[in-house]
Amino acid sequence: MSHRSECCRKFLSSVLFLFVFWPLSTQAQEKIKIAYSSTDTLNQIWTIAQDAGFYKKNGLDVDLVYIGSTTVGVTAIMAQDIQVGNAAGSGVANAAVRGADTVSVGCTINVLAYELVGSTA
């Protein structure tokens, strides 16, 4: 057997070994923390996505953290304790006015989810 054919055989054997024994998905899932600030129905997108496995399906290992205050949530984002946070627009705007480098990049609802109830008397 010639030297060239021996090298080709070794190369093809190595490639075959890698295809058979190497896992197809070797990428580690990215670990992130997501904070949500309310447990009402409109804000359950975070927990529903976790329960349905959407995060893992898209390569994310998510740790959901409940932070019941927008101010604390924005502070946690600024301190890089969490990577994604659910916060009221007023908290993000207030932080920006005070010099923080914050931006709102999305909204999960397109209406105010509150009602004003008054008395006629």
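Bear in mind that the values in this text are calculations on the coordinates, not laboratory data. On a predicted model such as this, the values are computed, not experimentally measured, just so you know. No Cβ is skipped: glycine too gets one built from the backbone with ideal geometry, and neighbour counts run over all protein chains shown.
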Mind giving me the FRET efficiency for GLU115 and SER69? R0 is 25 Å, r the Cβ-Cβ distance, nearest 0.05 is fine. 0.65
I need the phi-derived Karplus couplings for segment 52-65: 6.51 cos²θ - 1.76 cosθ + 1.60, θ = phi - 60°, integer Hz, Gly and Pro marked x. 7, x, 5, 5, 4, 4, 9, x, 10, 9, 9, 10, 7, 10
Using 7 Å Cα-to-Cβ label points, what is the ARG98/MET78 separation (nm, one decimal)? 0.5 nm
Which of rounded, prolate, oblate describes segment 30-97, given a ≥ b ≥ c as roots of the alpha-carbon gyration tensor eigenvalues and a/c under 1.5 marking rounded, otherwise prolate only if a/b is larger than b/c? oblate
